[in-house]
Structure formats: structure tokens, C-alpha cells
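Each reported figure results from applying straightforward, stated rules to the coordinates on display, with no laboratory input. Keep in mind that this is a model prediction, so the values were computed, not measured. Don't worry about glycine lacking a Cβ; one is built from the backbone with ideal geometry, like all the others, and counts go over all protein chains shown.
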Amino acid sequence: MAAEGTGRRKAQTLLGVAILLVLVVLGGMLWSSRSTDDLLPQIIEKLPENVDLGLERVHYSQNENGKRSWVLDADRAEYQRKDEELALTGVELTFFNAGEFGELKLNADHGVLRQKQKLIDLQGNVRIVTATGDRFWCEILRYDFSRRLVSTDSWVRLQGRQLELTGTGMLLDLAQGKMQVLNDVHALINERSVKGEPR
């Protein structure tokens with residue numbers, strides 16, 4: 001655990017040094033150039049369209065009321081200043097204290113963090129695993145971190161110890177630890193997991 005913390009601190013220090021070096025190099029280029037009008041378009045042209053900053057291996061932590069509420073990790077993030085959004089690739093979200101679900105992990109291929117709206121939109125192989133071993137799958141998902149509410153309008157599948165369930169649309173209230181599948185619900189109860197009691 002201590003080694004992991006030390007490694008994380010080293011990574012953060014290296015990231016800070018890398019950003020500082022980039023700023024120094026850009027500053028030096030601008031200072032040495034007699035006409036900044038000629039140099040700035042060259043620098044901007046080299047950036048991907050609408051991207052102001054691209055980072056590898058991003059770690060973002062959200063605290064609420066002095067306690068860690070959730071952590072976001074991504075393989076890559078691109079900050080788009082125009083929309084004030086962070087486009088993410090290879091996303092993992094870890095939620096703490098999600099009611100009866102305990103700790104909850106969510107993975108997706110892609111996502112967008114919209115800080116102003118306090119939303120994270122995820123898509124592509126969205127998977128949720130709870131501390132109790134329940135698993136969810138869907139294609140798109142939204143997390144509203146002002147309300148601690150996970151939702152989707154898409155098809156969803158749940159597999160638990162006692163229940164397999166499919167449906168369309170889902171609300172997952174992390175504050176209360178409650179889940180609701182909204183439409184076209186089909187459920188299969190595993191009677192062996194319910195200690196063989198007749199229903």
C-alpha cells in the first residue's frame with residue numbers, strides 16, 4: 001500500500017515536471033521568436049482539433065463533505081476548452097459507500113466528464129460490479145454526481161447470486177443503494193441460491 005502511494009506521488013511529480021518543461025519550452029519559443037503571430041498558429045496547428053491538452057493515465061478524485069466519494073481513472077483524457085469537457089478513453093469509476101451495494105466499480109470504453117453540469121456520460125461495454133458480486137451491463141450510462149444518480153435509457157442486464165434480470169432503462173440511486181429497472185423487465189430467480197425455499 002505504501003509502495004503504491006509512493007509510486008503515485010512519483011507519477012504526479014513527473015507529470016508536474018513534464019508540464020513545467022512544456023511550458024518552459026513553449027515560453028522559450030515564444031520569447032525567441034520575433035513574431036509571435038507566425039509561431040502561435042504553428043503550435044495550435046499541431047494540436048488535435050478542439051483539444052487543448054491531452055494526458056495519459058489520468059486519476060481524478062471527488063470528495064464530498066470531507067470524504068472521498070468517487071475516483072475516476074482513465075487511460076487517456078483530452079481536455080476540450082471550448083466545451084469545458086474532458087473526453088476519456090478506457091474509463092474506470094470507483095464509488096465508495098453506495099448504500100447496500102457497498103463499493104461499486106464501473107468500467108467503460110469511452111466517457112465525457114462535464115464538470116459544469118456535474119455529469120459523466122459513458123458508452124461502450126459499460127460494466128458495473130458491486131461489492132456484493134452483482135454485475136450490470138449496458139451500452140450507455142450517465143452519472144449525475146450532484147444527485148449521486150446513475151441512469152440509462154438503454155437495454156440493461158443484471159446478474160446476481162439469486163437473480164438474472166434484463167430490461168430497458170435503469171435508475172441506480174447510490175445515496176440510498178437502490179436500483180430500479182424501468183421497462184420490459186424479464187427476471188429469472190435462481191431457487192438454489194434462495195436456500196431451496198419454495199416460492
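Rounded to 0.05, the FRET efficiency of the Val129 and Lys82 pair, given R0 = 45 Å and the Cβ-Cβ distance, is 0.80. Ranked by how many other Cβ atoms sit within 10 Å of their own Cβ, fewest first, the residues His110, His59, His186 fall in the order His186, His59, His110.
For segment 51-194, how big is the tail of P(r) above 24 Å, as a whole percent of Cα pairs? Percentage above 24 Å: 31.
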